[in-house]
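Here's the structure, in C-alpha cells; my notes come after.
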Amino acid sequence: LGHQQMHWSISLFHGDPIMNGIENSAALMAHPARIIKGIPLISSKIISLDVPGALISAVKPSDDGSGDIIVRIWETRGSRTRGTATLTGLLKAQQCNALEDPGTQLKISDNGTIAIELRPFEIRTLRITRE
C-alpha cells in the first residue's frame, strides 16, 4: 500500500563481481553518504580501505571532543579477511571498543598504512589522532 520507490543499477565488472567491488557499489547505493548537522568536520578521504569483503561504515569525530577521528570497519561476507587501510595526514591509530575508549596502539608504516585483519562479521573501531 502507498507510494513505493525502487532504485536500479547496472554495473559492469571484469571477472568476479564479488572480488571487483559489487559490495561497495551496492552499499553506496543502499546507504549513500550523508551529512548530519551541517558542514562535515572530517573528510572521508582521510582513509582508504583495501580489505576484500570489508567496508567503512562510519568516519566521525570522537565523542569526547579530543579531535580524534573514529573509523568503523565491518566484514561483510562472513569470512576472515585481511588487507590494509591507508591513512592520510594522521599520526597515531589505536584499536578501541564501541564506546571509543583508547585501546591497543596500531603500527603505521612509513607510507601511512596499517594492517587490518577481521573475523567473520566483525566490526572494528579505530581511533585515529590527527597531525
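Side notes on the structure shown:
- Taking (1) small (Gly, Ala, Ser); (2) surrounded by 15 or more Cβ atoms within 10 Å (Cβ to Cβ); (3) in a loop (DSSP other than H, G, I, E, B) in turn, SER66 satisfies each apart from (2).
- The one condition in (1) outside any loop (DSSP other than H, G, I, E, B); (2) loosely packed, with under 11 Cβ neighbours inside 10 Å; (3) touching a Phe, Trp or Tyr at 6+ places or on another chain (Cβ under 8 Å) that TRP74 fails to fulfil: (2)
- Residues of segment 86-103 that turn out to be assigned to a loop (DSSP other than H, G, I, E, B), open to solvent by less than 80 Å² (accessible area, probe 1.4 Å) and of a type outside the set (D, E, K, R), as a count: 4
The values are calculated or read from the model by the stated rules, or taken from the named source; none is laboratory data. Just so we're clear, the structure is a prediction, and the values are computed from it rather than from any experiment. We place every Cβ from the backbone using ideal geometry, glycine too, and count neighbours over all the protein chains shown. Quick note on the areas: whole protein, heavy atoms, side chains included, nothing else; ligands and nucleic acids left out. Shrake-Rupley method; radii C 1.70, N 1.55, O 1.52, S 1.80 Å.
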